[in-house]
1. So for the pair residue 197, residue 66, with labels modelled 7 Å out along Cα→Cβ, what separation do we get in nm?
2. Write out the cysteines belonging to the chain for which the nearest other cysteine Cβ is not under 4.7 Å, or none if no such cysteine exists.
3. Given a cut-off of under 8 Å on Cα pairs at least six residues apart, what relative contact order in percent is computed for the range 72-183?
4. Divide by every residue of the chain the summed helix terms, -39500 (n - 2.57) for each DSSP H run of at least 4, and state the resulting mean residue ellipticity at 222 nm, rounded to the nearest 500 deg cm²/dmol.
5. Residue 120's amide H: which non-local residues (gap 5+, or another chain) put their own amide H closer than 5 Å, with H modeled 1.01 Å from N in plane and none for Pro or chain starts?
6. Percent relative contact order of the chain, based on C-alpha pairs within less than 8 angstrom and at least six residues apart?
7. Between residue 95 and residue 16, what is the FRET efficiency for a Förster distance of 51 Å, r being their Cβ-Cβ separation, to the nearest 0.05?
8. Which value, in Å² rounded to 10, gives the accessible area of residue 184 with a 1.4 Å probe and all protein chains present?
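The values are calculated or read from the model by the stated rules, or taken from the named source; none is laboratory data. None of these values were measured; they are calculated from a predicted model. Cβ coordinates were reconstructed from backbone atoms using ideal geometry, including for glycine residues, and neighbour counts include every protein chain displayed. The accessibility values were calculated without ligands, DNA or RNA, using every heavy atom of the protein model including side chains. Shrake-Rupley method; radii C 1.70, N 1.55, O 1.52, S 1.80 Å.
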Amino acid sequence: MIFGKQLMPLVIKMSKRQLNDFEAFRKVLSQSKNIVALTGAGVSAESGIPTFRGEGGLWRKYRSADLATPHAFYTKPHLVWEFYHYRRTIAFNAQPNDAHKALAKYEKLCEEQGHKFNIITQNVDGLHTKAGSRNVIELHGALHKVVCTNVKCGTVAENFDDPICEALRGRGDPMVREDLPMIDKKDLPKCKKCSGLLRPYIVWFGENLDPDILQQARDLVEECDICLVIGTSSVVYPAAMFAPLVAERGKPVAEFNLTEEPASDLFQFHFPGPCGSTLPRALNIQI
Ligand code: BV8
Ligand code: ZN
């Protein structure tokens, strides 16, 4: 399977784009037995979770991509932990919005009809699961999980403590202009098993995705009859290639987004607007 930009020229622009054609979309959806939803930060925006490229994309004077890297953690682990402490607090206190709820209800409907429905999410906020969805592939990890950096240990654990350690209490403020005094590494989150330094269980830029998780996602992208691409700018690989790959297979793709994105021309259906409103309507789900 080819990934990355080399695929783009192969995927012809969708000749007939259908804008807000809810009836035509529902007809195509009703004939589908294997449905995939690919979600990004936009699906959680109406739950108050900042997106990466909107105004929420900045934390203090940093872009998220400046901090979501192994280098950032290696050089300034305390700053990266402050960033993730900020995001953990927001995510743990956020509630699923109507888009999450519609997808969770739709999963149950599919089950009753013997159809397959899976969510492949780039998000790490856990809101799909909180809404009741069960078939969720978290491509980039989860804010409520941590992993031990001691190579002899590598324990992955769930952790909902907020703050995760005393030294991080009150250290998430996004408005602080200058860096706060450094937190000593010994006071950063520690593994309960070996006292090694913990890091968020998150796939950072420049890191490979878990190969098993990536393969599960690729298999679904290869097999599905239709793909809903919801609230994503489709700029981060390999996730950015999934919906175009479905289009390249000649299968229908429906985009739910506020704006047009680079890949939008490849998709058949477009439902511009907040997905908390457009998605329940398209799925014909009462929240
Ligand atoms: C990989 C976890 C192999 C972190 C994330 C150079 C060096 C190193 C790597 C690369 C390189 N060049 C390219 C790469 C590959 C890189 C990449 O793609 N970079 C991009 C920037 C070009 N990818 C990787 O590194 C991946 N690994 O490729 O491994 C490798 C290894 C080494 C070297 C090369 C290759 C790993 C990527 C995973 C990074 N981790 N998340 C964290 O969360 O802290 S990515 C993170 O950003 C998200 O998970 C998501 O994937 C992405 C953000 O995108 P979106 O979710 O789409 O959010 P965004 O804000 O952009 O857009 C929101 C959308 O919603 C908008 O369209 C908006 O209009 C819409 N919206 C807003 N509100 C609403 C709405 N829509 C509807 N309703 C609303 N209400
Ligand atoms: Zn450990």
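1. Going by the 7 Å Cα→Cβ label model, 2.0 nm.
2. 110, 165, 224, 227, 275 - these cysteines have no disulfide-compatible partner (Cβ-Cβ under 4.7 Å) in the chain.
3. 30
4. -8500 deg cm²/dmol
5. 37, 38, 39, 137
6. Relative contact order for the chain comes out at 29 percent.
7. E(calc), rounded to 0.05, equals 0.85.
8. Accessible surface of residue 184 is approximately 70 Å².
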